[in-house]
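Structure first, then comments.
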Amino acid sequence: MNQLQNQSSQLETWIILGATSSMARALARQLSMRGASLLLCGRDFDDLRSTAADCMARGAHDAQACAFDARDTNSFAAIIDRALTQEGMINCAVFVGSMPSQDAIDADPNLIHGTIQDNYTGPATFLQMLAPELEARGGGTIVGVGSVAGDRGRIGNYVYGSAKAGFATYLSGLRNRLTRAGGHVVTVKPGFVDTAMTWDVEGMFLVAAPEKVASDILNAVKKQKNVIYTPFFWRYIMLIIRNIPEFIFKKMSI
Amino acid sequence: MSWKTLETTGWGRAHTATGDVARPERATQLKRLLAAAMMPAFGMRRSYGDAPLNSAGPSLDMTRLDRVLSFDSTTGVVHVEAGLPIGDLGRMFAAKGWIPPVMPGTGFATIGGCIANDVHGKNHHVVGSFGQHVIEITLIQGDKSRKITLKSAPNLFKATVGGLGQTGVIASAKLQLAPCKGDLMVLTERRIDGLDDFFDAFDDSRSDYTVGWIDATAKGANLGRGVLEESEITSGINPGSGKPKSVPFNAPAWALSAPVVRIFNELYFRRVPASGRTSVKPITDPFFPLDTIHNWNRLYGKAGFNQFQCVVPLDATKCLRIMLERISASGLASPLAVLKKMGPGRGGYMSFPMEGYTLAVDFPNRSGAAYLIRDLTDLAKDAGGRIYFAKDGVAQAKQVEGMYPDQTAWQKAVAKADPDGALETDLVRRLELRSPPHTVTPATGGNV
């Protein structure tokens, strides 16, 4: 029985967008340990190949590096085609994103376009192309990693926040759609995570390890949660922040 | 690439350094950083003293470069990034029938650190040191990345293995894994009543993995008593290990005070029945006994601790006796004291191992401890032995002068590899390891 279960759980393929990030790497490793097939997508191909080799050593059924650029929609179809050659359920975890500092955007407002492509329109376009395939196979899970920054626009990073908010709303709609076909969408809102993006950010507290976020994600996938904050207490921190009246909030700088 | 100003410490937490730290996550970032400026690299900072610290400039945190890059299941050769903890490597491959031939006392040590300190394990007398199983090292020197082997660059290779990171930054390495009979260990423990019995027991032992725990508080007739642990790898059903526990906060000063340690050691000694006992454990347990308690260094409180570890020639048994007498008389010993017989195997010019007995003892960072450690260091040197840099935080430059017979060869290779001294760490500066022997005016007296 146990072996049968193992075999059936092996029939899962995960497309991981933005697989060079440390959170994605941690998720890929945990998926490898349960024998998943992985398509590791991103721009740094050499790095993806290293991660693919690492995943194979950790027990992945298969792991391949795929070229993906959130700003180049032409790179999307080949990845989806490759996923379709795999048997079983197709799943996708989206970790892509970029966070230029608000100062940099203030100096060059054109940076907004790239930020929105990286965090919202790029991955949304990919998921829009992938959705029919999930419907055709009658299942599969999408994990979209947003940010608590998308819960309310703040002076420090409201362009990034607005892109994440747009992505979160998109995921909510996609969940509404895929649920009808047996699929599922998990929206993940990490708080402060110990990644390259936050390495030099001052004033961080309660910083979570990428491995913790990855295991929270897999737990949420298993339990079919809709929206998770990770670590969990960010739900309450953000509940407070969302409920500060605007006439007070607009004078705050948090 | 971004920088963060961090206060870092070694595992003993008695020494700190403040400096800018970058933590690359990809090989290209590592190359870019080092092409711009060379700097020392550290891993999990499991060295006890100041070996992983740099308070004179920036350093690199290598822990995010921790992947297996390739594995050949027919030869057992694995290529790994330098930041991979060796325990992860062990866990990953034991099930596939392969095991790192040498594992140090903690699985948290990274491969880069294992090479730079040429670490040894409980099977040193059988398989030698870690560096002797390293096939190839990818070493970054400025904008150059070189793959070196013992054959292709013998001097540089021997200066890198055990070389405290002074020849370049180790980016990755190819290691020869050993075939492994299973993922269980059969552990046999028996009481040893005194130091001479220990020497006899080591001579008689036929086990692959042998180590002695010593009650460093015992005096008189009991001096050098302890427990001999012998283990062998075997196969079977893994009983699974418990969830790791963690020490959540710094312990108060009395936690490791002399009477508490004496009582603990008495109980620890009596825990093993007089007739000895044999048990079966998951493979990681006997290798990494303390890893099951995360942050155990907090037991020593905020002030931290220092470890003294030396190796002395086989005939220097009298020296070990004197050491143990002084340690027990000081009342400073902690429960952690280990004795082991080493073989001659070593991989580099500055490698610690030599044939003889190695003694390791932890001391809380209290007044008198540094004095005692320096005293023990002199004893080791006088007996023709040496101290282990991975553990040291308090020895003085003139004490270690001449301890390592191949130091000049190492210095030559290091001067060529890093002429500007950009890779110097606090330890290398403190012990003046890269300076030629004292023909110049000796540094400040600093007598203790």
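Using the Karplus equation 6.51 cos²θ - 1.76 cosθ + 1.60 (θ = phi - 60°), what ³J(HN,Hα) coupling, rounded to whole Hz, does each residue of the stretch A:108-118 give in order, writing x for Gly and Pro?
9, x, 5, 5, 4, 4, x, 4, 6, 5, 5
Fully extended, how many nm does the chain gain between A:Met197 and A:Gln224 (0.36 nm per residue separation, minus their Cα-Cα distance)?
Full extension of this stretch gives 6.9 nm more.
About the Cα centre of the protein assembly as shown, what is the dipole size in debye to 20, counting +1 per Lys and Arg Cβ and -1 per Asp and Glu Cβ, all else neutral?
1180
Within the stretch B:1-33, list the residues whose amide N lies under 14 Å from a label point set 7 Å along Cα→Cβ of B:Asp420.
In the stretch B:1-33, the label zone of B:Asp420 (backbone N under 14 Å from the point 7 Å along Cα→Cβ) covers B:33.
Scan around B:Trp98 for amide H atoms under 5 Å from its own, H built in the peptide plane at 1.01 Å from N, and keep only partners 5 or more places away or cross-chain.
Those lying under 5 Å, H to H, from B:Trp98 are B:Cys180.
Residues of the stretch A:50-94 losing 30 Å² or more of accessible area relative to the isolated chain, 1.4 Å probe, heavy atoms only?
Residues shielded by partner chains are A:Ser50, A:Ala53, A:Asp54, A:Ala57, A:Arg58.
What residues qualify as long-range amide H neighbours of A:Val143, i.e. H under 5 Å apart, gap of 5 or more or another chain, H built at 1.01 Å from N?
Excluding prolines and chain starts, which carry no amide H, the hits are A:Cys92, A:Ala93, A:Val94, A:Val186.
From the Cα gyration tensor of the stretch B:175-302, with a ≥ b ≥ c the square roots of its eigenvalues, which class applies: rounded if a/c is under 1.5, or else prolate if a/b is larger than b/c, or else oblate? Before the final figure, lay out the partial values.
Values: a/c = 2.16, a/b = 1.16, b/c = 1.87.
Cα axes put the stretch B:175-302 in the oblate bin.
Along the stretch B:298-313, what does the Karplus equation 6.51 cos²θ - 1.76 cosθ + 1.60 (θ = phi - 60°) give for ³J(HN,Hα), rounded to whole Hz, x for Gly and Pro?
5, 4, 8, x, 5, 6, x, 8, 10, 10, 9, 9, 10, 10, 10, x
So which of A:Lys189/A:Lys225; A:Lys164/A:Lys222; A:Lys212/B:Lys245; B:Lys96/B:Lys147; B:Lys31/B:Lys147 end up more than 20 Å apart, counting from Cα to Cα?
A:Lys164/A:Lys222; B:Lys96/B:Lys147
If you take the C-alpha gyration tensor of the stretch B:184-396, multiply each eigenvalue by 5 and take the square root, what semi-axes do you get, largest first, in whole Å?
Whole-Å semi-axes of the equivalent ellipsoid: 25, 22, 18.
Would you please give the FRET efficiency between A:Asp46 and A:Ala78, computed as 1/(1 + (r/R0)^6) with r the Cβ-Cβ distance and R0 = 22 Å, to the nearest 0.05?
Values: r = 19 Å, r/R0 = 0.84.
Computed FRET efficiency for A:Asp46 and A:Ala78: 0.75.
Can you tell me how the stretch B:1-114 classifies by the Cα gyration tensor, rounded, prolate or oblate, using a/c under 1.5 as the rounded cut?
In terms of gyration-tensor shape, oblate.
Which far-off residues, 5 or more places away or on another chain, put their amide H under 5 Å from the one on B:Ile192, with H placed in the peptide plane?
B:Gly226, B:Val227, B:Leu228
What does the charge count around A:Leu171 come to, taking other residues whose C-beta lies under 12 Å from its C-beta (Lys +1, Arg +1, Asp -1, Glu -1)?
Charge balance in the 12 Å sphere: +4.
Over chain B, what relative contact order in percent results from Cα pairs under 8 Å that are six or more residues apart? List each step's numbers first, then the result.
Details: 1083 pairs, mean separation 81.8, N = 448.
Computed value for chain B: 18 percent relative contact order.
With every protein chain kept in place and ligands, DNA and RNA left out, what is the accessible area per residue of chain B? Probe 1.4 Å, answer in Å².
Using a 1.4 Å probe on heavy atoms only, each residue of chain B averages 40 Å².
With each run of n ≥ 4 DSSP H residues scored as -39500 (n - 2.57), what mean residue ellipticity at 222 nm is computed for the protein assembly as shown after dividing by its residue count and rounding to the nearest 500 deg cm²/dmol?
Details: 24 runs with 231 residues, N = 702.
Result for the protein assembly as shown: -9500 deg cm²/dmol, rounded to the nearest 500.
At a Förster distance of 35 Å, what's the computed FRET efficiency of B:Glu355 paired with B:Arg277, Cβ-Cβ distance as r, to 0.05? Could you put the intermediate results ahead of the total?
Working: r = 30 Å, r/R0 = 0.87.
Calculated transfer efficiency: 0.70.
Per residue, what volume in Å³ does the convex hull of the Cα atoms of the stretch A:93-241 enclose? Could the numbers behind the result be given before it?
On the way: hull volume 15.5 nm³, N = 149.
With only Cα atoms used, the stretch A:93-241 gives 104 Å³ per residue.
Ignoring ligands, DNA and RNA and using a 1.4 Å probe, state the total buried accessible area between A and B in Å², rounded to the nearest 100. Intermediate results must be reported in sequence, preceding the final value.
Working: alone 12430 and 18710 Å², together 29330 Å².
Between A and B, the summed buried area is about 1800 Å².
HN-Hα J couplings of the stretch B:99-114 from phi, Karplus 6.51/-1.76/1.60, θ = phi - 60°, integer Hz, Gly and Pro as x?
Ordered by residue, 3J(HN,Hα) equals 8, x, x, 10, 10, x, x, 10, x, 7, 4, 7, 4, x, x, 4 Hz.
At a 1.4 Å probe, what is the % contribution of carbon and sulfur to the accessible area of the stretch A:8-249?
The computed percentage sits at 55.
Tell me, what is the FRET efficiency for A:Ala67 and A:Gln128 to the nearest 0.05, using R0 = 25 angstrom and their Cβ-Cβ distance as r?
0.80
Just going by the charge dipole of the stretch A:128-203, with Lys and Arg at +1 and Asp and Glu at -1 on Cβ, which of A:Gly191, A:Tyr160, A:Ala181 is farthest out on the positive end?
My answer, from the dipole projection, is A:Ala181.
Is the stretch B:39-188 rounded, prolate or oblate when judged by the Cα gyration tensor, a ≥ b ≥ c being the square roots of its eigenvalues, rounded requiring a/c under 1.5 and prolate requiring a/b larger than b/c?
Prolate, since a/c reaches 1.5 and a/b exceeds b/c.
Would you kindly calculate the mean projected area, averaged across all directions, of the convex hull enclosing the Cα atoms of the protein assembly as shown, in square nanometres?
That works out to 33.5 nm², a quarter of the Cα hull's surface.
About the Cα centre, and with charges only on the beta carbon of Lys, Arg (+1) and Asp, Glu (-1), how big is the dipole of chain B? Nearest 20 debye, please.
Taking the Cα centre of chain B as origin, the dipole is about 720 debye.
Hey, what's chain A come to in accessible area per residue, 1.4 Å probe, Å²?
The answer is 45 Å² per residue.
When the chain is fully extended, how far beyond the present Cα-Cα distance does B:Asp208 get from B:Ser2, taking 0.36 nm per residue of separation?
Between B:Asp208 and B:Ser2, full extension yields 69.6 nm more.
The values are calculated or read from the model by the stated rules, or taken from the named source; none is laboratory data. All figures in this text were calculated on a predicted structure; none of them were measured in a lab. Note: ideal-geometry Cβ built from the backbone for every residue, glycine included; neighbour counts use all protein chains shown. Just the protein is used for accessible areas: all its heavy atoms, side chains included, with ligands, DNA and RNA removed. Shrake-Rupley method; radii C 1.70, N 1.55, O 1.52, S 1.80 Å.
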